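Below: one structure, written as structure tokens.
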Amino acid sequence: MPTVDLTARLARETKPADRDLFLFDRALPGFGLRVHRSGAKAWIVQTRIEGKTRRLRIARYGELELAEARRRAREILASVRAGDNPADDIRKEKTAPTVKDLAEEYLRRCDPYWKPSGRETIRIYLRARILPAFGKMPVHRVGPEDVAAWFDAASREKPGAANRAFEILRSMMFRAEEYGLREPGTNPCLGIRKNPRRNIARFLDTDELARLGRALDAREDQWPEAVAAIRLLALTGCRRGEVLNLRWRDIGQNAITLRDAKTGPRSVPLGEAARSVIDALPGPRDPNAFLFPRLGGSRHAHRVVACWRAVREDANLGKVRLHDLRHTAASHAVMSGENLPLVGKLLGHRRHETTAGYAHLADGHLVEAAEKVGTLIADAMGFDRDPPPSRVRVRRKYGRWV
């Protein structure tokens, strides 16, 4: 049996012959590639078990990359040296649940707890990114090196999409441990860092808010509902979909009830300004009717986006997003003295860390905060914050300085 430097290129380019070919790896004795006369190929390992030479098939060529097949062969050879019979393990491997099986169970169990939009997003990432890479692999065989190689390749193309797919795979692997398909604490996604997110969020300062207000006034006759919706977004810090899907039954005396918010049902307090925007809306107050009939439902959200693009251009706001009105509400709440837990409750956040990402602070407020902290610490430590008088150094007769 010839031994060769078995490479991915050699395995790919070797053609079938009149009889089966065996290419054994010089670097790992016993590991090789079998090329059948029919053209089918398989990764194999050949060793002696209980005094007899046995040839075990690891997997079909194409199911595993060369590095993974070599790793499996190394494990099999180590198992033989330990006195085990790996043929039994290989038979079990063929019937082990795959990542595709895990995905089906994951969807079946978690579907009832997801919103329709989230459900569709997860299915898209499974079909497009996760299952093509891992679908045929046994769940317990997916290792950190497999995930790292996949994530690095995906990140070169679209780092944001790679992050989202990675989060789904990590969640699935945690579920696999719960379902008994992996050993506890073996999630292969642990220790892999996601791609850094671009910091594109910003908030509007008081001058920009003044320009925005004037631009909305100027466009009110053209887009009356969209202008009212944008004002309500700015005044409440709600998400776009939450406002556009509001019905009159959701409006209380002092609060808005969001029945299908991102983090679950919640109540949003209504300030006087937000209340006046709602009270000024025309039309009957049918409990089942949308507050914004021409915008209600996701199919008509483009009208608000078109209005927003025109308004931000009129106000010279640059590429600020409609969602940045939410950041603006959070930032101004913090700068007015409200604490993060309270602001998080207003925005409907479950974690304070999320709120911290929304609360951008103007430079002036940061300087003011630094001054307050510095004064507090200086007073506590007894610092004399007045500058010391300058000291004149005089050389005495004997060469000493005073």
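Each reported figure results from applying straightforward, stated rules to the coordinates on display, with no laboratory input. Remember, it's a predicted structure, so these values are computed and weren't measured experimentally. Note that each Cβ is placed from the backbone with ideal geometry, even for glycine, and that neighbours are counted across all protein chains shown.
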Along each of the three principal axes of the Cα atoms of the stretch 222-315, give the extent in whole Å, ordering the values from largest to smallest. 34, 28, 23
Relative pair counts by distance (%), Cα atoms of the stretch 3-95, 10 Å bins: 17, 51, 28, 4
Taking 0.36 nm per residue of separation between Arg197 and Asn85 and subtracting their Cα-Cα distance, the length gained on full extension comes to 35.5 nm
Contour excess over end-to-end distance, with Cα ends at Asp18 and Leu190 and 0.36 nm allotted per residue: 57.1 nm
Order by neighbour count: Ser331, Ser79, fewest other Cβ atoms within 10 Å first, most last. Ser79, Ser331
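Can you give the extra length, in nm with one decimal, that the chain gains between Lys100 and Trp248 once fully stretched, where that is 0.36 nm per residue apart less the Cα-Cα distance?
Numbers: separation 148, 0.36 × 148 = 53.28 nm, distance 4.42 nm.
The Lys100-Trp248 span can extend by a further 48.9 nm.
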Net charge contributed by nearby residues that have their C-beta within less than 14 Å of Ser38 (K/R +1, D/E -1): +4
R0 of 25 Å, Cβ-Cβ distance Arg48-Thr7: FRET efficiency to nearest 0.05: 0.40
In units of 2.2 N^0.38 Å, what is the alpha-carbon radius of gyration of the stretch 99-178? 1.04
Taking Cys307, Cys238 and counting other beta carbon atoms within 10 angstrom, the fewest-first order is Cys307, Cys238
The residues Ile130, Ile230, sorted from fewest to most surrounding Cβ atoms within 10 Å, come out as Ile130, Ile230
